[in-house]
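Undergrad: Just passing along the structure, written as structure tokens.
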Ligand SMILES: Cc1cc2nc3c(=O)[nH]c(=O)nc-3n(C[C@H](O)[C@H](O)[C@H](O)COP(=O)(O)OP(=O)(O)OC[C@H]3O[C@@H](n4cnc5c(N)ncnc54)[C@H](O)[C@@H]3O)c2cc1C
Ligand SMILES: Nc1ncnc2c1ncn2[C@@H]1O[C@H](COP(=O)(O)O)[C@@H](O)[C@H]1O
């Protein structure tokens, strides 16, 4: 039997909780109100310790103060989390659908034989079970699922919950690792930062985003000309960066940049959740995509099914004429 | 170095996705399938390691969708062995059962390195890689972009937000969940795939499914509500371009 408590795996940077962590705490607050339990945040490592008091929404924060946990490495992380989950026996554990969460969540599920749901958008208690909505197929399909047993391991997409606006300082419990920590066979070496010198897309008001719909490197010029006419910069989805057509500093999304321009003109981008999470703060989204079912149209204010290769040059002309006229 | 690569079939998202009559699963009968994108990157990474450091590459795939074409294409790229796990029915097995079948086929290879895509778009219960790793008794690292062989082990770069990567030292054996290979999957001409079809033998192995209790029950699958969708602009290219330009001027975004 599990307790009614809801655990949150916290992530921190620069002595502050990550945005996703504050969102998870907000979601956990609502869920704990329904289960009648407490919200417990887990902070791993000494480096995150200073963020413990800022875990708004948690009743209790458990900090495992061990330098081995300061940088992510799978062995020590899993050893500690497996122990804490067994000890705390929560109804659910909320984990961000982040680069660490995507590894840790399914591994814990397999170790503890616990149910796992990825890409969660909504979590509610219904009778004895949790009802969870998950996004599949690049955002084209939603699934409502039932999770009957605890601990339910739920990996949550950024933007699914809001941080709570009822701040209260949590009780903080700082401890040494409850289990001996072996470095394991996969160990952190060093962080590699992107090369400086490129355009900072996070500071741009106008962005033209290019996706796989551009098809060929030669076609990048059409988008470049449009960005220039608009007085903005080019950014891209991951396949374009994978191809090497733009540097990694231009990638928008989970493993790329988080942008907040006044205008995001998406050309041939499907709108996968991993891309959308990098453009949550955009003012106006206009999407050009030949597939009327593309999820990008769910977050755009205006859209068109025209072929981007036909539309982009016309739009460049239309902008230029209007700029001359005013 | 011995490398095993897992290649999975997923529905092609370019085609419309249908839901079965009972409303709780994708209708796979009418779907067209292709290789999971990050698995394709895993294969490319394996071939790059074979070229740079020397390795044998064995590919393991479950038998559904368009698996034969995927395997012939892998053969044309120069892999050493193609293991096809045959299924009792032509439905994809549940994740735990799939992990068990894959582990059963991969175990005897005694691979130093197992590569699998870090995600598939039809995974409801999180990534398969960590589950497979546990079955194999190996450590797992996912969201990896680029693997290089050095003395005594490998270095793998794990992606973090902001175009930042963590370089990790990997002592073998291990399972890596690949997001992207060092360079994009290579193109193979159709003629090479045709040649591979004639000369390639699959190593077929029956997949024994362990009966497992579903941990998660799907109640309903559906397309997202179109209620909040964008206002669609229709007309000729020139008309739509004019409308967009006007909207941008009206809102003061373009001056
Ligand atoms: C751990 C992880 C991290 C990730 N991080 C990121 C990230 O940071 N950023 C990111 O972007 N992705 C990321 N991804 C990948 C993400 O899941 C998607 O695969 C990716 O965003 C898809 O890019 P896309 O929209 O350009 O391509 P697709 O999904 O292939 O979409 C192309 C679109 O173009 C349209 N199209 C085709 N031709 C035309 C035309 N002529 N005119 C107009 N439209 C056309 C098609 O209808 C389609 O909708 C990540 C994935 C994982 C697993
Ligand atoms: N599910 C989602 N995931 C990520 N970003 C989203 C999502 N829904 C909306 N957004 C972003 O939030 C902004 C405002 O969305 P909305 O208020 O729903 O029109 C849009 O510009 C989107 O980029």
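Undergrad: Run the quick spin-label model on residue B:195 and residue A:189: label points 7 Å from Cα toward the beta carbon, then report their separation in nm to one decimal.
TA: 3.6
Undergrad: Label residue B:90 and residue A:179 with points 7 Å out from Cα along Cα→Cβ: what is the distance between them in nm?
TA: Between residue B:90 and residue A:179, the label points sit 4.4 nm apart.
Undergrad: What angle do you read, to the nearest 10 degrees and between 0 and 90, between the alpha-carbon axis of helix B:67-76 and the longest principal axis of chain B?
TA: 70
Undergrad: Moving to a separate point now. Please work out how much length the chain gains when fully extended from residue A:171 to residue A:128, using 0.36 nm per residue of separation minus the C-alpha to C-alpha distance, in nm with one decimal. Working shown, then result.
TA: Numbers: separation 43, 0.36 × 43 = 15.48 nm, distance 2.87 nm.
My answer for the length gained is 12.6 nm.
Undergrad: Report, as an integer, the average count of C-beta atoms from other chains found within 10 Å of each Cβ along A:222-230.
TA: 1
Undergrad: Can you list the equivalent-ellipsoid semi-axes of the range B:21-63, largest first and in whole Å, using the square root of 5 times each Cα gyration tensor eigenvalue?
TA: Ellipsoid half-lengths, sorted descending, are 34, 10, 7 Å.
Undergrad: Same structure again: With runs of 4+ DSSP H residues as the only contributors, calculate the mean residue ellipticity of chain A at 222 nm using -39,500 (n - 2.57) per run, divided by the residue total and rounded to the nearest 500.
TA: Using -39500 (n - 2.57) per qualifying helix, the result is -8000 deg cm²/dmol.
Undergrad: Compute the angle between helix B:190-199 and the longest alpha-carbon principal axis of chain B, please, reported from 0 to 90 degrees and rounded to the nearest 10.
TA: Here the helix axis deviates by roughly 30 degrees.
Undergrad: Round to a whole angstrom and tell me the spacing of the C-alpha centers of the range A:241-282 and the range A:209-231.
TA: Their Cα centres are 14 Å away from one another.
Undergrad: Please report B:14, A:141 as a ranked list, fewest other C-beta atoms within 10 angstrom at the top and most at the bottom.
TA: B:14, A:141
Undergrad: Then there is this: Please pull out the direction-averaged projected area of the range B:46-125, using the convex hull of its alpha-carbon atoms, in nm² to one decimal place.
TA: Spelled out: convex hull of the Cα atoms, projected over all directions, averaged, 5.9 nm².
Undergrad: When chain A is modelled as a GNM with alpha-carbon springs shorter than 10 Å, which of A:192, A:269, A:20 fluctuates the most?
TA: A:192
Undergrad: Taking the inverse of the average 1/r across all pairs of different Cα atoms in the range A:196-252, what Kirkwood radius in Å do you get?
TA: So the Kirkwood estimate lands at 11.3 Å.
Undergrad: Oh, and also: Averaged across the residues of B:210-219, what count of C-beta atoms belonging to other chains lies within 10 Å of each residue's C-beta?
TA: 5
Undergrad: Can you give the Rg to Rh ratio of the range A:6-175, both from alpha-carbon atoms, with Rh computed by the Kirkwood formula?
TA: That ratio equals 0.93.
Undergrad: Okay, moving on. Modelled label-to-label distance, residue B:222 and residue A:212, 7 Å Cα→beta-carbon offset: nm?
TA: Calculated label separation equals 2.8 nm.
Undergrad: Continuing with this model, one more query. I want to make sure I understand the PRE zone here: with the label point 7 angstrom from the Cα of residue A:50 toward its beta carbon, which residues in the range A:1-25 have backbone N atoms less than 13 Å away?
TA: Residues A:13-17 qualify, since their backbone N sits under 13 Å from the label point.
Undergrad: Now a separate question. Top mean-square fluctuation among B:97, B:111, B:215, Gaussian network model of chain B, C-alpha springs under 10 Å?
TA: B:215
Undergrad: Please give the direction-averaged projected area of the C-alpha convex hull for chain B, in square nanometres with one decimal.
TA: With the hull built on Cα positions only, its mean projection is 18.9 nm².
Undergrad: Now a separate question. With the cut-off at 1.5 for a/c, could you classify the range A:30-113 from its C-alpha gyration tensor as rounded, prolate or oblate?
TA: oblate
Undergrad: What order do you get for A:111, A:280 when you list them from fewest to most C-beta neighbours inside 10 Å?
TA: A:280, A:111
Undergrad: Another one. Which value at 222 nm does chain B reach when only helices count, each DSSP H run of 4 or more adding -39,500 (n - 2.57), with the total divided by all residues and rounded to the nearest 500 deg cm²/dmol?
TA: Computed ellipticity for chain B at 222 nm equals -8500 deg cm²/dmol.
Undergrad: Considering only A:180, A:74, A:151, give the residue with the highest GNM mean-square fluctuation for chain A, with springs between Cα atoms whenever their separation is below 10 Å.
TA: Between A:180, A:74, A:151, it is A:180 that shows the largest mean-square fluctuation.
Undergrad: Mind sorting B:32, A:49 by how few other Cβ atoms lie within 10 Å of their own Cβ, fewest first?
TA: Placing the least packed residue first, the sequence is B:32, A:49.
Undergrad: Counting only C-alpha contacts under 8 Å and six or more residues apart, can you give the relative contact order of the range B:127-255 as a whole percent?
TA: In percent, rounded to a whole number, it is 17.
Undergrad: Based on the Cβ-Cβ distance from residue B:205 to residue B:183, what FRET efficiency comes out when R0 is 35 Å, to the nearest 0.05?
TA: Once rounded, the FRET efficiency stands at 0.65.
Undergrad: Using only the Cα atoms of the range A:66-143, build the gyration tensor, take square roots of its eigenvalues as a ≥ b ≥ c, and label the shape rounded, prolate or oblate: rounded if a/c is under 1.5, else prolate if a/b is larger than b/c, else oblate. Let's see the in-between values first.
TA: Numbers: a/c = 2.61, a/b = 1.47, b/c = 1.78.
Judged from the Cα gyration tensor, the range A:66-143 comes out oblate (a/c at least 1.5, b/c at or above a/b).
Undergrad: Another one. Could you work out how far the C-alpha centroid of the range A:71-107 sits from that of the range A:1-33, in angstrom?
TA: Between the Cα centres of the range A:71-107 and the range A:1-33 lies a distance of 13 Å.
Undergrad: What does the structure give for A:236-246 when I average, per residue, the other chain Cβ atoms found within 10 Å of the residue Cβ?
TA: What the average comes to for A:236-246 is 2.
Undergrad: Scattering from the C-alpha atoms of chain A alone, worked out with Debye: what is log10 I(q)/I(0) at q = 0.09, 0.12 1/Å?
TA: Treating every Cα as an identical point scatterer, log10 I(q)/I(0) equals -0.54, -0.87.
Undergrad: Once the Cβ-Cβ distance between residue B:22 and residue B:251 is put in as r, and R0 is 41 Å, what FRET efficiency do you end up with, to the nearest 0.05?
TA: FRET efficiency, residue B:22 to residue B:251: 0.35.
Undergrad: Would you work out if the range A:201-325 is rounded, prolate or oblate? Take a ≥ b ≥ c from the square roots of the eigenvalues of the alpha-carbon gyration tensor; rounded if a/c is under 1.5, else prolate when a/b is larger than b/c, oblate otherwise.
TA: rounded
Undergrad: Sort out for me the Cα centre separation of the range A:310-326 from the range A:137-183, rounded to whole Å.
TA: 47
Undergrad: Determine, for each peptide in A:66-72, B:89-95, B:36-42, B:175-181, the mean count of other beta carbons within 10 angstrom over its residues, then list the peptides with the highest first.
TA: My ranking of the peptides, most packed first, is B:175-181, B:36-42, A:66-72, B:89-95.
Undergrad: As I understand it, the value is the acute angle between the Cα axis of helix A:220-230 and the longest principal axis of the Cα atoms of chain A; what does it come to in degrees, rounded to 10?
TA: 80
Undergrad: Would you work out the relative contact order for chain A, in percent, from Cα pairs under 8 angstrom that are 6 or more residues apart?
TA: Relative contact order, chain A: 15 percent.
Undergrad: Shifting gears a bit: So what's the protein assembly as shown giving for Cα Rg divided by 2.2 N^0.38 Å, two decimals?
TA: Relative to the rule-of-thumb radius for its length, the protein assembly as shown sits at 0.97.
Coordinate-derived values only; no laboratory data. Worth saying up front: this structure is predicted, and the values here are computed from it rather than measured. A quick note on method: Cβ atoms are made from the backbone with ideal geometry, for glycine too, and the neighbour counts reach across all protein chains shown.
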